Amino acid sequence: MTLKQEIDKRRTFAIISHPDAGKTTITEQLLLYSGAIRQAGTVKGRKTGKYAKSDWMEIEKQRGISVTSSVMQVDYDGYQINIVDTPGHEDFSEDTYRTLMAVDSAVMVIDSAKGIEPQTKRLFEVASKRGIPIFTFMNKLDREGRDPLELIAELEDVLGIDAYAMNWPMGSGKTLEGLYDRYNHRLELTHPEENDDNDFLPLNDEGEVDGDYAVQQTGVYQEAMENALLLDEAGNDFDVDAIKSGQLTPVFFGSALTGFGVQTFLDSFVDYAPSPQPETTVDGDVIAPDDDELTGFIFKIQANMDPHHRDRIAFVRLCSGQFEEGMEVKIARTDKKIRLNNTTRFMADSRKNADAAVAGDIIGLYDTGNFQISDSIFSGKQAVTFEPLPHFTPEIFMKVSPKNVMKQKSFHKGMEQLVQEGAIQLYRTWHTEEYILGAVGQLQFEVFQYRLLNEYHSEVDMQPLGRKIARWIKEDDLDPSMSSSRNLLCRDRFGQPVFLFENEFAENWFKQKYPEIELETLL
């Protein structure tokens, strides 16, 4: 098989949603249908011990939420699928935003009882700006939900994207009889035992079922058939080009919890989701996936995936070429040569050695401190640097110190390694060298504190500093006397000076007093 043929079989996508819409649960079902796992777990698996495979951190299992992106690679129907399950909670948006830069499409999971929720809208906007295809899964059909026509209308009105309903629910909750599958011209049934043990019934040219089956006597079947005919006449046309350009989203209904409708969705997804696409460098060069030279970029760093070895793994999205174990690449930022040994493929927390991979795949590089998020790697003679990934300026801050001064070494090591993941920012006060953490959400601090204790055995005190405005200044322009109680002078973890302003008034006062000084916002 040629390199291009290998690449064409890749499907790399992120799953996005508002918290509790069922994003991780549908990930589990996708793994189940691929044969990667034998039994699907759940996010809230504390009673049964059947946790979601993608929620591998102990704190995720305890709280029933996803707090970090996880990568799973499986084979399905001849395709190599790279699934990235992202955190739904807004406090971890930065992780999700960066992940969306490393995928070729997105699956948007919506709670059919709630419709479009705030975090769904924010994540959709990020994916939409990239122009990547978005596939919609209306979840929780096993519960009573909103009218499907309302959901489709809201999808188009709130998100501003055209929608095509691939199937249509016949009831919901206790009245759910199945799906009227417009795309495959069949019914998918929830009660095959009542319909001569048929999981599917074909539709004739008139869009009806031939024969005499129990489902035909239900009102929900008649209603779904009428709505499908209405959509045929007044709805959007199915347009593959519009799907691939991100202008039309195929909509699937189903239940991730029960698995109903998930395989039908997956079958269509692998047919219409794009294979890896070209990437553009900071110089404007276009790198084709099947270029001979290996290129890629780091979109995530994760510490302690193996708690026994306290390792650190850099997640790399391969953009072109073919990886082979032991090959040599350069890091564009430092021009340092790295030999790619101990490279891994992922199944959430479990890994195996990757002896080969191609553009579109996500691999893990063992990191001893060489990599930073947004780093580009390349194997050719000409340096390749891809566009930097999104970076959020922190909004809330905490002063942090170890409770046990005898465990300073563990404390410093934990601080250093966890902030390299990029979810939390680290600062040190200019004169006293005290640690200050900055984040976009309170939950990040709680997870950070938990991980310091459980992964580094370092118990810490956290003192809230409230909201601040972080602004960077060139060191040549700095006079430490500029610092005051209203603008605390610190260094970031790269040694760059930064002021933490108490509020906008304090920032404006500083600008008036020092009009020649340029304050910078890192985004």
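The values are calculated or read from the model by the stated rules, or taken from the named source; none is laboratory data. Fair warning: this is a prediction, and the values are worked out from it, not measured in the lab. Please note: Cβ atoms are built from the backbone with ideal geometry, for glycine as well, and neighbour counts cover all protein chains shown. What goes into the accessible areas is simple: the full protein's heavy atoms, side chains included, and nothing from ligands, DNA or RNA. Shrake-Rupley method; radii C 1.70, N 1.55, O 1.52, S 1.80 Å.
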Answer residue from segment 492-523, given it is among the polar types (S, T, N, Q) and touching a Phe, Trp or Tyr at 6+ places or on another chain (Cβ under 8 Å) and is surrounded by the fewest Cβ atoms within 10 Å (Cβ to Cβ) among those: Thr521
Output for segment 466-491, where each listed residue is over 29 Å from the mean Cα position of the chain (by Cα), loosely packed, with under 15 Cβ neighbours inside 10 Å and among the charged types (D, E, K, R): Lys474, Glu475, Asp476, Asp477, Asp479
Residue satisfying condition, being touching a strand residue (DSSP E or B) at 6+ places or on another chain (Cβ under 7 Å), loosely packed, with under 15 Cβ neighbours inside 10 Å, in contact (Cβ under 8 Å) with a residue 60 or more places away in the chain and of a type outside the set (Phe, Trp, Tyr), within set Gln442, Gln420: Gln442
Scope segment 228-249; condition under 22 Å from Leu179 (Cα atoms) and open to solvent by 90 Å² or more (accessible area, probe 1.4 Å); matching residues: Asp232, Glu233, Asp237
Close pairs (6 angstrom Cβ cut-off, 6 or more residues apart or separate chains): in a helix (DSSP H, G or I) in segment 227-238, open to solvent by less than 80 Å² (accessible area, probe 1.4 Å) anywhere: Asn227/Trp168; Ala228/Trp168; Ala228/Tyr180; Ala228/Arg182; Leu231/Ala165
Looking only at segment 250-275, and only at residues there that are in contact with a helix residue (DSSP H, G or I) (Cβ under 8 Å, 6 or more places away or on another chain) and open to solvent by 10 Å² or more (accessible area, probe 1.4 Å), the one that is farthest from Phe386 (Cα to Cα): Leu257
So Ile436, is it out of contact with any Gly (no Cβ under 9 Å at 6 or more places or on another chain), among the β-branched types (Val, Ile, Thr), open to solvent by less than 70 Å² (accessible area, probe 1.4 Å) and under 11 Å from Arg491 (Cα atoms): yes
Test: residue in segment 449-461 that is open to solvent by less than 30 Å² (accessible area, probe 1.4 Å) and touching a His at 6+ places or on another chain (Cβ under 8 Å): no
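Okay, residues lined up against (1) without any contact (Cβ under 8 Å) to a residue 40 or more places away in the chain; (2) closer than 16 Å to Asp232 by Cα; (3) more than 40 Å from the chain's Cα centre (by Cα):
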{"site": "His185", "(1), (2), (3)": "yes, yes, no"}
{"site": "Pro192", "(1), (2), (3)": "yes, no, no"}
{"site": "Glu206", "(1), (2), (3)": "yes, yes, yes"}
{"site": "Asp210", "(1), (2), (3)": "yes, no, yes"}
{"site": "Tyr213", "(1), (2), (3)": "yes, no, yes"}
In segment 376-409, the residues that are part of a loop (DSSP other than H, G, I, E, B), modelled with pLDDT of 90 or more and of a type in the set (A, V, I, L, M, F, W, C): Ala383, Val384
Any hit, segment 271-286, residues being in contact with a strand residue (DSSP E or B) (Cβ under 7 Å, 6 or more places away or on another chain) and without any contact (Cβ under 8 Å) to a residue 24 or more places away in the chain: yes
Segments classed as strands (runs of 3 or more DSSP E), wholly inside segment 286-361, with at least 3 members that are modelled with pLDDT of 80 or more and crowded, with 21+ Cβ neighbours inside 10 Å: 295-303, 312-320
Any pair with Cβ under 7 angstrom, 6 or more apart, that starts in segment 79-91 at a residue that is under 15 Å from Val103 (Cβ atoms) and ends at one that is at pLDDT below 85 and assigned to a strand (DSSP E or B): Asn82/Val71; Val84/Val71; Asp85/Ser70
Ala163 being under 22 Å from Gln119 (Cβ atoms) and over 25 Å from the mean Cα position of the chain (by Cα): no
Sole exception among (1) over 22 Å from Ile15 (Cα atoms); (2) touching a residue at least 24 places away in the same chain (Cβ under 8 Å); (3) of a type outside the set (A, V, I, L, M, F, W, C) for Asn167, by number: (1)
Among residues of segment 179-227, those that are in contact with a Lys or Arg (Cβ under 9 Å, 6 or more places away or on another chain) and open to solvent by 40 Å² or more (accessible area, probe 1.4 Å), counted: 2
Subset of segment 194-204 [within 34 Å of the chain's Cα centre (by Cα) and touching a residue at least 12 places away in the same chain (Cβ under 8 Å)]: Phe200
